[in-house]
Amino acid sequence: MSVPRHVAIIMDGNGRWAEKQGLERSAGHVRGVDSVRNIVRAASDMGIGYLTLYTFSTENWNRPQYEVDMLMHLIAKAIENETPEMLRNNVRVTVIGDMESLPDETRACLQRCIDATAHDTGLNMVLAISYSARWEITRAARILADEAARGLISPADINDEAISSRLSTAGMPDPDLLIRTGGEMRLSNFLLWQMAYGELYVTDTYWPDFGKAELEKAITEYNGRQRRFGKTGAQVENEQHCATPEV
């Protein structure tokens, strides 16, 4: 099975999973950490290069304060507890999002993990925390405007590549596949620029129940699709045929 170079996941349904079990919503978030661990292991074993997880959106700050506080503490403890395994499995951790908006405890735990795993060369696990695509694109626009105002670039220099290089994901390949758990049919302000030609896969499975088998199912469906990038199917097939070496 051919694996995508970059898989992004919207980890949705923790609260609904808990409510369905007759539990507090917090129990779903705690259980969701187990799914993160399992999917990171599976992605690493499969040879996926980048795994980007939508961990906490800018809009999530609007949730009840007790839930926000619980999530921030859970993120801090989870990353602290999982750092040794990241090191054992050669997983490099990075964060995209507004780190400055995070509580001190959460930001410190994340930074320690980022620093500890900086030289790992296996799976790149990217945590989108206090992230939104509109925030990211607006930030890139401000950077470009400032550079233009200081005479470092001209407006004519601003193109797709210039914008991409000012995004939080600069230097990363765009996602090939975006998986959304929980059945909702929307991107929820996640990687809007980067997902211009990414494939979408939505499952009704809630995140706490999403495991290796579900990931393999998503990738199998991905492998059955033809990525055309605006071309016709015949063009893509002809290019693939020409690229196949003779034996």
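Run the helix sum for the chain: -39,500 (n - 2.57) per DSSP H stretch of 4+ residues, divided by residue count, reported at 222 nm to the nearest 500 deg cm²/dmol. Counting only the DSSP helices, I get -14500 deg cm²/dmol.
Please give the net charge around T94, taking every other residue with its beta carbon less than 12 angstrom from that of T94, where Lys and Arg add +1 and Asp and Glu add -1. So the environment of T94 carries a net charge of -1.
The order of the peptides 210-220, 64-74 by mean Cβ neighbours within 10 Å, most packed first, is 210-220, 64-74.
When the inverse distances between all different Cα atoms of the range 1-99 are averaged and flipped, the Kirkwood radius reads 14.8 angstrom. Within the shell of other residues whose beta carbon sits under 14 angstrom from the beta carbon of W17, the net charge comes to -4, with Lys and Arg scored +1 and Asp and Glu -1. Rounded to the nearest 5, the antiparallel percentage of DSSP beta bridges internal to the range 11-127 is 0%.
Placing +1 at every Lys and Arg Cβ and -1 at every Asp and Glu Cβ, with all other atoms neutral, what dipole size does the range 20-135 have around its Cα centre, in debye to the nearest 20?
320 debye
Take the chain with all the other protein chains still there, run a 1.4 Å probe, and you get 53 Å² of accessible area per residue.
Atom-type composition of the exposed protein surface of the range 74-197 places 51 percent of the accessible area on carbon and sulfur (1.4 angstrom probe). For the chain, a Kirkwood radius taken over Cα pairs fed into Stokes-Einstein (4 °C, viscosity 1.567 mPa s) yields D = 67 µm²/s. Rounded to the nearest 20, the size of the Cβ-charge dipole of the chain about its Cα centre is 160 debye, with Lys and Arg at +1 and Asp and Glu at -1.
How would you classify the range 94-183 from its alpha-carbon gyration tensor, with a ≥ b ≥ c the square roots of the eigenvalues: rounded for a/c under 1.5, else prolate if a/b is greater than b/c, otherwise oblate? The shape class here is prolate.
The values are calculated or read from the model by the stated rules, or taken from the named source; none is laboratory data. Being a predicted model, the structure only gives us computed values, none of them experimental. Positions of Cβ are generated from backbone atoms using ideal geometry, with glycine treated the same way; all protein chains shown enter the neighbour counts. The accessibility values were calculated without ligands, DNA or RNA, using every heavy atom of the protein model including side chains. Shrake-Rupley method; radii C 1.70, N 1.55, O 1.52, S 1.80 Å.
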